[in-house]
1. How many percent of Cα pairs in the chain exceed 36 Å?
2. By a straight-distance test (C-alpha under 15 Å), which aspartates and glutamates pair with Lys136 as possible cross-link partners, with residues fewer than eight away in the same chain excluded?
3. Can you give the angle from 0 to 90° between the axis of helix 372-406 and the longest principal axis of the chain, with both taken from C-alpha atoms, to the nearest 10?
4. At 0.36 nm per residue, minus the direct Cα-Cα distance, what do Gln201 and His339 gain on full extension? Give it in nm, one decimal, please.
5. Just to be sure I understand the model, the point goes 7 Å from the Cα along the line to the Cβ. What's the resulting Leu93 to Gln370 distance in nm?
6. If you build the convex hull over the alpha carbons only and average its shadow over all orientations, what do you get for the range 67-169? Give it in nm² to one decimal.
7. What's the Kirkwood radius of the range 136-291 in Å, using all Cα pairs?
8. Can you find, among Gly289, Ser327, Ser316, the residue sitting farthest towards the positive end of the charge dipole of the range 40-416, where Lys and Arg contribute +1 and Asp and Glu -1 at Cβ?
Amino acid sequence: MIRLRMSLASALLGLATAAAYAQQDVLAYLPAESAVRAAIIDSPGLQAARSRKEALAQRAQAIQAGSAEVSWRSSFQRRRLPATQEQFGEFTLGLERPLRLWGKSAMDASVATQTEAFAEVEYADALHEASRELIKLWFSHRRALSDHQNAADSLALADSLRQAAAARLKQGELSQLDASLAQAEWQRAQATLALAQAQSQAAAATLARRYPGLTQVAAGPLPSLPDISDTLEALRPMFMDKNHELRMLRLDAERQRLAAERLALDRRPDPTVGVFVARDRGGAEQIAGVSLSIAFPGAGRIAQARAALAEAQTASDKVRAIEPQLSAGFEATYLQFRHKRLAAEQLRAAAEQQNLAESKSRRAFGLGEQTLSELLQIARTASAWRHDAELMHLDAAELSALIRLDLHQIWDFDEAVTPQ
């Protein structure tokens, strides 16, 4: 029994270590969490989300307090008796207030509580969506930097070939046509580099405008390709349980259901109770009393209650409709990650083989055993395959980061970030 427990503990420790290692692989591609938190909180989108949350909180307080207000009523009049020609000043003063009966006060409190819960989840969803957008912009920047680096490497290669071709042309070992080809390849590489540099700067500017304060992507080789050890069947329930959009729709459906029940209670009118005092015949008569008025409900209240019930049913139908869509979307992302990760490994292996072919082709060109056009074709292919492998590597890393984010395994700011 002791050995069994130790084996189970070792297995669980191994799984936890593997999950933590995979998570660390993902974080190696991303900016520091503290910088991400600060950038997201300061972004314009989150400022609007905070305002929206505050508005819903105030609306919830208004719902709980109710719309009933104390009314002040007063009337002033002058009485004249024609027979005696007497005149008297008279007035009536009163206070009135509707009463919430039939369980309306408790129902308003439930609607208010549900509204506050909806506001919290909506704000958390705004945080999550901002994190998703940041990841996509960050990897777009990384891909643009990869394009720029690939163009710079191609230019360096083209320049070295151009210089070598010029030297061999002087020695009579190369034709003018091959030298012209080398010059044209160098000019093409310059144009490609200029375009890649512009795209890289545009991607960096977009990221800086949307989320200021983030440091630039560090240059250097890519980290190891991240992996996800869990199966789709194991991750799907976790995703559905933590999905903000689904939780928002469920809370909104429940909120609208409660609001419909509340409107149905309005078919029973609330009495308005008041107290008043009056002074008649110049003070000869002092009157104090209680007033009661009841508004009889019309067809409008019935129609509003039925409309609210239909809207609540629509919200419930949306929940049932979105569940399979979210599940299918997560499955598609997971499968894309699996296939792109495999493709990245295969492209990397192919690029390594093409690099060997490029090295052999350079030696053959130096020995005069291969033409410059053949070398250029092999070099272009090697450069394209290296670049394709790196882009596929970044695509797989981005999908891995998005999956980990949706599972709340990275950047879980729901509880850590408190709006100011």
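We did not get these values from a lab; they are worked out from the coordinates using the rules stated. Small disclaimer: the values here were computed from a predicted structure and weren't measured. Don't worry about glycine lacking a Cβ; one is built from the backbone with ideal geometry, like all the others, and counts go over all protein chains shown.
1. Result for the distance tail: 56 percent.
2. By straight Cα distance, Lys136 reaches Asp395, Glu398, Asp406.
3. 30 degrees
4. 46.6 nm
5. 10.6 nm
6. Result: 17.5 nm².
7. 24.4 Å
8. The Cα lying farthest towards the positive end belongs to Gly289.
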